[in-house]
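The block underneath contains the structure these notes are about, expressed in C-alpha coordinates.
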Amino acid sequence: MELRTLRYFLAVCEHGTMSRAAEALHVTQPALSRQIAALERELGTSLLERHSRNVTPTEKGLYLRRRAQEIVGLADQTTSDLTHGEDIMEGDVFIGAGESEGLRVIARHVRDFREKYPDVRFHLHSGNAPDLIERLEHGVDDFSVLMSYPDVDRYAHLRLSPTDAWGVLVRDDDPLVAREAVSPADLLDAPLVVPERHAKGDKLTWLLATWFGERAGEVSIAATYNLSYNGALLVREGVGRMVSFDGLTTVGPGTGLEFRLLFPPLVSVIDLAWKRDVPLSHPARLFLDSLQ
(Lines give C-alpha, C1' and ligand atoms only; values in the text may rest on other atoms or scores of the structure.)
Protein backbone atom coordinates (compact mmCIF):
# COMPACT_ATOMS: atom_id res chain seq x y z
CA MET A 1 0.00 0.00 0.00
CA GLU A 2 1.32 3.41 -0.95
CA LEU A 3 0.70 6.50 1.15
CA ARG A 4 -0.78 8.26 -1.86
CA THR A 5 -3.32 5.49 -2.33
CA LEU A 6 -4.26 5.59 1.34
CA ARG A 7 -4.77 9.34 1.07
CA TYR A 8 -7.02 8.75 -1.93
CA PHE A 9 -9.04 6.17 -0.01
CA LEU A 10 -9.43 8.51 2.98
CA ALA A 11 -10.62 11.30 0.67
CA VAL A 12 -13.29 9.04 -0.82
CA CYS A 13 -14.47 8.08 2.69
CA GLU A 14 -14.56 11.74 3.71
CA HIS A 15 -16.39 13.11 0.67
CA GLY A 16 -18.72 10.19 0.05
CA THR A 17 -18.48 10.23 -3.75
CA MET A 18 -15.72 9.59 -6.24
CA SER A 19 -16.43 12.85 -8.06
CA ARG A 20 -16.16 15.09 -4.98
CA ALA A 21 -13.06 13.25 -3.76
CA ALA A 22 -11.44 13.55 -7.20
CA GLU A 23 -12.16 17.27 -7.25
CA ALA A 24 -10.63 17.72 -3.79
CA LEU A 25 -7.55 15.68 -4.77
CA HIS A 26 -7.17 17.45 -8.15
CA VAL A 27 -7.22 14.18 -10.08
CA THR A 28 -9.67 12.82 -12.63
CA GLN A 29 -12.50 10.61 -11.44
CA PRO A 30 -11.46 7.64 -13.67
CA ALA A 31 -7.90 7.82 -12.31
CA LEU A 32 -9.18 7.85 -8.72
CA SER A 33 -11.54 4.93 -9.40
CA ARG A 34 -8.64 2.92 -10.85
CA GLN A 35 -6.51 3.59 -7.76
CA ILE A 36 -9.27 2.44 -5.40
CA ALA A 37 -9.96 -0.65 -7.50
CA ALA A 38 -6.24 -1.49 -7.52
CA LEU A 39 -6.15 -1.14 -3.73
CA GLU A 40 -9.10 -3.52 -3.40
CA ARG A 41 -7.36 -6.05 -5.66
CA GLU A 42 -4.14 -5.72 -3.67
CA LEU A 43 -5.95 -6.38 -0.39
CA GLY A 44 -8.27 -8.99 -1.84
CA THR A 45 -11.41 -7.46 -0.40
CA SER A 46 -14.12 -4.92 -1.18
CA LEU A 47 -13.52 -1.64 0.66
CA LEU A 48 -16.48 0.41 -0.60
CA GLU A 49 -20.15 -0.22 -1.18
CA ARG A 50 -21.16 1.53 -4.39
CA HIS A 51 -24.62 3.12 -4.34
CA SER A 52 -26.37 5.16 -7.01
CA ARG A 53 -25.44 8.50 -5.46
CA ASN A 54 -22.60 7.79 -3.06
CA VAL A 55 -20.15 5.26 -1.68
CA THR A 56 -19.76 4.04 1.91
CA PRO A 57 -17.01 1.96 3.51
CA THR A 58 -17.60 -1.75 4.03
CA GLU A 59 -16.71 -3.33 7.37
CA LYS A 60 -13.20 -3.98 6.06
CA GLY A 61 -13.19 -0.46 4.66
CA LEU A 62 -13.98 1.01 8.08
CA TYR A 63 -11.05 -0.91 9.53
CA LEU A 64 -8.72 0.32 6.78
CA ARG A 65 -9.95 3.90 7.23
CA ARG A 66 -8.98 3.83 10.91
CA ARG A 67 -5.58 2.31 10.18
CA ALA A 68 -4.99 4.61 7.22
CA GLN A 69 -5.66 7.65 9.41
CA GLU A 70 -2.99 6.41 11.83
CA ILE A 71 -0.48 5.58 9.06
CA VAL A 72 -0.93 8.84 7.17
CA GLY A 73 -0.90 10.85 10.40
CA LEU A 74 2.30 9.17 11.56
CA ALA A 75 3.94 9.72 8.16
CA ASP A 76 3.01 13.42 8.20
CA GLN A 77 4.24 13.78 11.77
CA THR A 78 7.55 12.10 10.93
CA THR A 79 8.05 14.31 7.88
CA SER A 80 7.34 17.39 9.98
CA ASP A 81 9.76 16.27 12.70
CA LEU A 82 12.60 15.69 10.23
CA THR A 83 12.11 18.81 8.12
CA HIS A 84 11.91 21.30 10.98
CA GLY A 85 15.38 22.17 12.19
CA GLU A 86 16.03 22.54 15.89
CA ASP A 87 17.11 26.13 15.37
CA ILE A 88 13.62 27.00 14.12
CA MET A 89 11.07 25.82 16.64
CA GLU A 90 7.98 24.74 14.78
CA GLY A 91 6.08 21.53 14.42
CA ASP A 92 3.34 19.55 16.10
CA VAL A 93 2.71 17.92 19.48
CA PHE A 94 0.04 15.22 19.73
CA ILE A 95 -1.69 14.54 23.05
CA GLY A 96 -4.39 11.97 23.79
CA ALA A 97 -6.49 12.51 26.91
CA GLY A 98 -9.53 11.31 28.75
CA GLU A 99 -12.04 13.80 30.08
CA SER A 100 -10.50 15.30 33.19
CA GLU A 101 -10.20 18.59 35.03
CA GLY A 102 -6.51 17.69 35.27
CA LEU A 103 -6.17 18.62 31.62
CA ARG A 104 -6.27 22.24 32.78
CA VAL A 105 -2.65 21.75 33.88
CA ILE A 106 -1.71 20.66 30.37
CA ALA A 107 -3.73 23.53 28.88
CA ARG A 108 -1.87 26.12 30.96
CA HIS A 109 1.47 24.71 29.85
CA VAL A 110 0.30 24.68 26.22
CA ARG A 111 -0.61 28.37 26.56
CA ASP A 112 2.77 29.26 28.08
CA PHE A 113 4.68 27.10 25.58
CA ARG A 114 2.98 28.70 22.60
CA GLU A 115 3.76 32.17 23.92
CA LYS A 116 7.41 31.20 23.56
CA TYR A 117 7.06 29.01 20.45
CA PRO A 118 4.00 30.27 18.51
CA ASP A 119 4.73 28.05 15.49
CA VAL A 120 4.23 24.83 17.46
CA ARG A 121 0.73 23.42 17.06
CA PHE A 122 -0.94 21.12 19.58
CA HIS A 123 -3.40 18.40 18.61
CA LEU A 124 -5.68 17.01 21.32
CA HIS A 125 -7.52 13.72 20.85
CA SER A 126 -10.16 12.79 23.43
CA GLY A 127 -10.89 9.14 24.11
CA ASN A 128 -11.10 6.37 26.67
CA ALA A 129 -8.08 4.50 28.02
CA PRO A 130 -7.97 1.64 25.45
CA ASP A 131 -8.20 4.13 22.58
CA LEU A 132 -5.49 6.34 24.06
CA ILE A 133 -3.14 3.41 24.71
CA GLU A 134 -3.61 2.13 21.17
CA ARG A 135 -2.74 5.55 19.75
CA LEU A 136 0.29 5.83 22.03
CA GLU A 137 1.52 2.33 21.10
CA HIS A 138 1.19 3.06 17.37
CA GLY A 139 3.04 6.37 17.66
CA VAL A 140 0.01 8.46 16.67
CA ASP A 141 0.24 10.51 19.87
CA ASP A 142 3.35 11.72 21.65
CA PHE A 143 1.69 11.69 25.07
CA SER A 144 -1.39 10.30 26.79
CA VAL A 145 -3.08 11.80 29.84
CA LEU A 146 -4.30 8.80 31.87
CA MET A 147 -6.38 8.66 35.03
CA SER A 148 -5.42 5.93 37.54
CA TYR A 149 -4.31 3.69 34.67
CA PRO A 150 -3.37 0.37 36.33
CA ASP A 151 -0.51 -0.45 33.94
CA VAL A 152 1.03 3.02 33.74
CA ASP A 153 4.47 1.76 34.80
CA ARG A 154 4.82 0.20 31.35
CA TYR A 155 5.46 3.75 30.18
CA ALA A 156 7.62 6.65 31.15
CA HIS A 157 5.26 8.93 32.99
CA LEU A 158 4.98 12.14 34.95
CA ARG A 159 2.53 12.34 37.83
CA LEU A 160 0.57 15.58 37.52
CA SER A 161 -0.19 17.52 40.68
CA PRO A 162 -4.01 17.53 40.66
CA THR A 163 -6.27 14.54 41.22
CA ASP A 164 -9.75 13.91 39.88
CA ALA A 165 -12.46 13.64 42.54
CA TRP A 166 -15.37 11.28 41.89
CA GLY A 167 -18.98 12.17 42.53
CA VAL A 168 -22.48 11.71 41.21
CA LEU A 169 -24.37 13.92 38.76
CA VAL A 170 -28.11 14.08 39.47
CA ARG A 171 -31.18 16.04 38.41
CA ASP A 172 -31.94 19.03 40.57
CA ASP A 173 -35.13 17.34 41.80
CA ASP A 174 -33.23 14.29 43.07
CA PRO A 175 -33.40 13.72 46.88
CA LEU A 176 -29.60 13.45 46.92
CA VAL A 177 -29.38 17.20 46.26
CA ALA A 178 -30.12 17.70 49.97
CA ARG A 179 -26.93 15.84 50.91
CA GLU A 180 -23.42 17.31 51.01
CA ALA A 181 -21.91 13.99 49.91
CA VAL A 182 -23.22 10.54 49.04
CA SER A 183 -22.28 7.10 50.34
CA PRO A 184 -22.55 3.70 48.61
CA ALA A 185 -25.86 3.02 50.37
CA ASP A 186 -27.29 6.31 49.00
CA LEU A 187 -26.83 5.10 45.41
CA LEU A 188 -28.63 1.77 45.62
CA ASP A 189 -32.21 3.01 45.22
CA ALA A 190 -31.92 4.23 41.61
CA PRO A 191 -30.12 3.10 38.41
CA LEU A 192 -26.63 4.41 37.67
CA VAL A 193 -24.94 5.63 34.51
CA VAL A 194 -21.25 4.71 34.84
CA PRO A 195 -18.06 5.03 32.75
CA GLU A 196 -17.82 2.13 30.32
CA ARG A 197 -14.48 0.88 31.61
CA HIS A 198 -15.94 0.58 35.13
CA ALA A 199 -18.61 -1.91 34.12
CA LYS A 200 -18.69 -5.38 32.63
CA GLY A 201 -22.19 -6.46 31.76
CA ASP A 202 -24.35 -5.69 34.77
CA LYS A 203 -21.44 -5.65 37.23
CA LEU A 204 -19.19 -2.83 38.41
CA THR A 205 -15.44 -3.24 37.98
CA TRP A 206 -12.20 -1.60 39.05
CA LEU A 207 -12.29 1.57 41.20
CA LEU A 208 -16.06 1.82 41.50
CA ALA A 209 -16.41 -1.83 42.50
CA THR A 210 -13.78 -1.26 45.19
CA TRP A 211 -15.53 1.88 46.46
CA PHE A 212 -18.92 0.17 46.73
CA GLY A 213 -17.27 -2.81 48.40
CA GLU A 214 -19.66 -5.55 49.49
CA ARG A 215 -22.62 -3.50 48.17
CA ALA A 216 -21.25 -3.51 44.57
CA GLY A 217 -23.47 -6.43 43.58
CA GLU A 218 -26.58 -4.45 44.54
CA VAL A 219 -25.92 -1.64 42.06
CA SER A 220 -28.30 -1.36 39.10
CA ILE A 221 -26.47 -0.20 35.94
CA ALA A 222 -28.81 1.52 33.48
CA ALA A 223 -26.20 2.63 30.96
CA THR A 224 -22.49 3.26 30.37
CA TYR A 225 -20.81 6.23 28.69
CA ASN A 226 -17.40 7.38 27.51
CA LEU A 227 -18.17 11.09 27.04
CA SER A 228 -19.59 12.99 30.00
CA TYR A 229 -21.70 15.29 27.80
CA ASN A 230 -23.68 12.34 26.47
CA GLY A 231 -23.90 10.79 29.92
CA ALA A 232 -25.34 14.03 31.30
CA LEU A 233 -28.09 13.88 28.66
CA LEU A 234 -29.13 10.53 30.09
CA VAL A 235 -29.29 12.08 33.54
CA ARG A 236 -31.43 14.98 32.32
CA GLU A 237 -33.86 12.52 30.73
CA GLY A 238 -34.20 10.53 33.94
CA VAL A 239 -32.31 7.40 32.88
CA GLY A 240 -30.22 7.37 36.04
CA ARG A 241 -27.63 9.10 38.17
CA MET A 242 -24.19 9.45 36.58
CA VAL A 243 -20.98 8.63 38.42
CA SER A 244 -18.18 10.81 37.03
CA PHE A 245 -15.34 13.18 37.80
CA ASP A 246 -16.06 16.55 39.36
CA GLY A 247 -15.97 19.57 37.05
CA LEU A 248 -16.82 17.88 33.74
CA THR A 249 -20.45 19.04 33.57
CA THR A 250 -21.90 22.48 34.23
CA VAL A 251 -24.27 22.32 37.20
CA GLY A 252 -26.30 24.75 39.29
CA PRO A 253 -29.15 27.17 38.60
CA GLY A 254 -30.59 26.91 35.13
CA THR A 255 -28.87 23.63 34.23
CA GLY A 256 -31.31 21.23 35.87
CA LEU A 257 -28.34 19.33 37.29
CA GLU A 258 -26.41 19.10 40.56
CA PHE A 259 -23.22 17.30 41.57
CA ARG A 260 -22.33 15.71 44.90
CA LEU A 261 -18.98 14.20 45.88
CA LEU A 262 -18.67 10.60 46.97
CA PHE A 263 -17.96 9.74 50.60
CA PRO A 264 -15.67 8.12 51.55
CA PRO A 265 -13.76 10.23 49.02
CA LEU A 266 -12.67 8.53 45.81
CA VAL A 267 -9.95 10.14 43.70
CA SER A 268 -8.00 9.21 40.57
CA VAL A 269 -4.37 10.18 40.06
CA ILE A 270 -3.41 11.73 36.72
CA ASP A 271 -0.30 10.78 34.73
CA LEU A 272 1.21 12.09 31.53
CA ALA A 273 2.60 8.99 29.80
CA TRP A 274 4.91 8.47 26.83
CA LYS A 275 6.67 5.45 25.35
CA ARG A 276 10.01 4.45 26.83
CA ASP A 277 13.07 4.38 24.57
CA VAL A 278 11.25 6.07 21.70
CA PRO A 279 12.70 9.47 20.74
CA LEU A 280 10.26 12.35 20.97
CA SER A 281 10.19 15.07 18.37
CA HIS A 282 12.05 18.22 19.31
CA PRO A 283 8.85 20.21 20.09
CA ALA A 284 7.46 17.30 22.15
CA ARG A 285 10.71 16.96 24.10
CA LEU A 286 10.81 20.68 24.88
CA PHE A 287 7.17 20.60 25.92
CA LEU A 288 7.90 17.72 28.28
CA ASP A 289 10.85 19.64 29.71
CA SER A 290 8.50 22.56 30.38
CA LEU A 291 6.24 20.26 32.42
CA GLN A 292 8.98 18.72 34.55
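Excluding same-chain residues fewer than 8 positions from K60, which lysines have a Cα within less than 20 Å of its Cα?
none
Along the Cα→Cβ direction, 7 angstrom out, place labels at L261 and E2. What is the inter-label distance in nm?
Going by the 7 Å Cα→Cβ label model, 6.0 nm.
Project the alpha carbons of region 39-81 onto their principal axes and report the range along each, largest first, in whole Å.
That gives 42, 23, 14 Å along the principal axes, largest extent first.
Return the distance in nm (one decimal) between the two label points of a simple spin-label model at D119 and L43, each offset 7 Å from Cα along Cα→Cβ.
Calculated label separation equals 3.7 nm.
Just the C-alpha atoms of the chain: what Rg/Rh do they give, with Rh taken as the Kirkwood radius? It would help to have the intermediate numbers written out before the result.
Working: Rg = 23.0 Å, Rh = 22.0 Å.
Answer for the chain: 1.05.
What is the list of residues in region 275-292 whose amide nitrogen lies under 13 Å from a point 7 angstrom out from the Cα of S161, following Cα to Cβ?
291-292
Report the percentage of all Cα-Cα pairs in region 215-267 whose separation exceeds 19 Å, rounded to a whole percent. Before the final figure, lay out each step's value.
Numbers: 432 of 1378 pairs.
Result for the distance tail: 31 percent.
Given an 8 Å cut-off on Cα distances and at least 6 residues of separation, report the relative contact order of region 1-66 as a percent.
It comes to 31 percent, rounded to a whole number.
As a check on your grasp of the helix formula, calculate [θ] at 222 nm for the chain: sum -39500 (n - 2.57) over DSSP H runs of n ≥ 4, divide by the residue count, round to the nearest 500.
Only helices count here, giving -12000 deg cm²/dmol.
In degrees, nearest 10, range 0 to 90: what is the angle between the Cα axis of helix 29-43 and the longest Cα principal axis of the chain?
Between helix and principal axis, roughly 70 degrees.
Give me the accessible area per residue for region 182-292, probe 1.4 Å, as a whole number in Å².
Values: 5410 Å² over 111 residues.
Ligands and nucleic acids excluded, the result is 49 Å² per residue.
Where a ≥ b ≥ c are the square roots of the eigenvalues of the C-alpha gyration tensor, would you call region 1-121 rounded, which needs a/c under 1.5, or, failing that, prolate if a/b is larger than b/c, or oblate?
Prolate.
Are there any GluC sites (Glu not before Pro) in region 5-69 that are in a DSSP loop and have at most 10 other Cβ atoms within 10 Å? List them by number.
The qualifying sites: there are none.
Would you mind telling me the share, in percent, of accessible area of region 1-155 contributed by carbon and sulfur at probe 1.4 angstrom? If you can, show how the numbers build up before the last one.
On the way: 4290 of 8640 Å².
Of the solvent-accessible surface of region 1-155, carbon and sulfur hold 50 percent.
Enter the mean projected area of the convex hull around the alpha-carbon atoms of region 167-292, in nm², rounded to one decimal.
Average of the hull's projected areas for region 167-292 equals 10.3 nm².
Could you rank L74, L6 by how accessible they are, 1.4 Å probe, largest area first? Mind showing how you got there, number by number?
Numbers: L74 60, L6 5 Å².
Result, largest first: L74, L6.
Taking square-rooted eigenvalues a ≥ b ≥ c of the alpha carbon gyration tensor, is region 49-173 rounded, prolate or oblate, where a/c under 1.5 means rounded and, failing that, a/b exceeding b/c means prolate?
It comes out oblate by the Cα gyration axes.
Roughly speaking, to the nearest percent, how much of region 166-292's 1.4 Å accessible area is carbon and sulfur?
In region 166-292, the share of accessible area belonging to carbon and sulfur is 52 percent.
Please go through region 184-292 and write out the trypsin sites (Lys or Arg not before Pro) that DSSP classes as loop and that have at most 13 other C-beta atoms within 10 Å.
Counting only loop positions with at most 13 other Cβ atoms within 10 Å, the trypsin sites (Lys or Arg not before Pro) in region 184-292 are R276.
Mind giving me the nanometre distance, one decimal, between the label points for L188 and R276, set 7 Å out from Cα along Cα→Cβ?
Going by the 7 Å Cα→Cβ label model, 4.3 nm.
Would you list which lysines come within 28 Å of K203, measuring only between C-alpha atoms, while excluding same-chain residues fewer than 8 positions from it?
Straight-line reach from K203, under 28 Å: no lysines qualify.
Taking 51 Å as R0, compute the FRET efficiency from the Cβ-Cβ separation of R197 and A24 and round it to 0.05.
The computed FRET efficiency comes out at 0.85.
Specify the angular offset, from 0 to 90 degrees and rounded to the nearest 10, of the alpha carbon long axis of helix 282-291 from the longest principal axis of the alpha carbons in the chain.
Between helix and principal axis, roughly 10 degrees.
Give the residue list of trypsin sites (Lys or Arg not before Pro) in region 1-79 that are DSSP loop and have at most 12 other beta-carbon atoms within 10 angstrom. List each step's numbers first, then the result.
Details: sites: R4, R7, R20, R34, R41, R50, R53, K60, R65, R66, R67; in loops: R53.
Loop-located and lightly packed - R53.
Keeping all protein chains in place, calculate the accessible area per residue for region 1-116 (probe 1.4 angstrom), answer in Å².
Ligands and nucleic acids excluded, the result is 60 Å² per residue.
Rounded, prolate or oblate: which fits region 4-62, taking a ≥ b ≥ c as square roots of the Cα gyration tensor eigenvalues, rounded meaning a/c under 1.5, else prolate when a/b beats b/c?
The shape class here is oblate.
Expressed as a whole number of Å, what is the distance separating the alpha-carbon centroids of region 241-292 and region 107-144?
13 Å
Between R50 and V72, what is the FRET efficiency for a Förster distance of 35 Å, r being their Cβ-Cβ separation, to the nearest 0.05?
With R0 = 35 Å, the Cβ-Cβ based efficiency is 0.90.
The values are calculated or read from the model by the stated rules, or taken from the named source; none is laboratory data. These numbers were taken from a predicted model, which means no experiment stands behind them. Virtual Cβ from ideal backbone geometry, glycine too; neighbours counted across all protein chains shown. Note: areas computed on protein heavy atoms with side chains; ligands, DNA, RNA excluded. Shrake-Rupley method; radii C 1.70, N 1.55, O 1.52, S 1.80 Å.
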